[in-house]
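Below you'll find the structure, written out as structure tokens, and then a few comments.
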Amino acid sequence: MDDPEVGRVCLPSSPLRLTDAPALKPSPFLNQHKEEVLGGIFGFSTAARAALRKAGAIRSAAQVKG
């Protein structure tokens, strides 16, 4: 599968295929839901998240990889 930030990624999957089972969705990309988690679950404001980014505490997947 192609990740928009880190490039081509090989994801393992089960060889078993059950005809009536719904298709599996791929796992989220690295940092894909960080804004929802930090803002929604932890309650950080937009300004607080910007301050964390500026301090280097929050990084994008490209920054983590490189």
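The values are calculated or read from the model by the stated rules, or taken from the named source; none is laboratory data. Everything numeric here is computed off the predicted structure, so don't read it as measured data. Note that we place each Cβ from the backbone using ideal geometry, even for glycine, and neighbour counts take in every protein chain shown. We work out accessible area using only protein heavy atoms, side chains counted, and drop any ligands, DNA or RNA first. Shrake-Rupley method; radii C 1.70, N 1.55, O 1.52, S 1.80 Å.
Filtering the range 1-46 to residues that are of a type in the set (Val, Ile, Thr), surrounded by 10 or more Cβ atoms within 10 Å (Cβ to Cβ) and free of Cβ contacts under 8 Å to residues at least 12 places away in the same chain leaves VAL9, VAL37, THR46.
Looking across the range 47-56, just one residue is open to solvent by 80 Å² or more (accessible area, probe 1.4 Å) and either in contact with a Cys (Cβ under 9 Å, 6 or more places away or on another chain) or modelled with pLDDT under 90 (or both), and that is ARG53.
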